[in-house]
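*Asks:* My structure is below; once you've seen it, I'll send some questions.
The numbers here are math on the coordinates, done by the rules we state, and not lab data. Keep in mind it's a predicted model, so treat the numbers as computed, not measured. We place every Cβ from the backbone using ideal geometry, glycine too, and count neighbours over all the protein chains shown.
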């Protein structure tokens, strides 16, 4: 049981964070967004996985743009 818990923590910490981002923007629980995502994925035969990956890419690009350019002296 501890392995499952540690694996769940690892995924929540290091995954793309798409569901968390959507939940924060909408003001609802992350678990509810994940549950709806699973329902929609099964209902549409997996086509929402492509949308999930696009959102993940967009969030990562947004994060890197917000960090700004660092100079050599900003060690």
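*Asks:* Starting from the Cα of residue 51, step 7 Å along the direction of its Cβ; do the same at residue 5; then give the gap between the two resulting points in nm.
*Replies:* It works out to 3.5 nm between the two label points.
*Asks:* Using a basic spin-label model with each label point 7 Å from the Cα along Cα→Cβ, how many nm lie between residue 66 and residue 44?
*Replies:* Here the answer is 2.5 nm between the modelled labels.
*Asks:* Taking a ≥ b ≥ c as the square roots of the Cα gyration tensor eigenvalues, with a/c under 1.5 meaning rounded and otherwise prolate when a/b beats b/c, else oblate, which class fits segment 12-67? All intermediate terms of the calculation are to be shown ahead of the outcome.
*Replies:* Values: a/c = 2.39, a/b = 1.43, b/c = 1.66.
Taking the square roots of the gyration eigenvalues as a ≥ b ≥ c, segment 12-67 is oblate.
*Asks:* Now for a different question. So how do 42-53, 17-28 stack up, highest first, on mean other-Cβ count within 10 Å?
*Replies:* Going by the mean number of other Cβ atoms within 10 Å, highest first, we get 17-28, 42-53.
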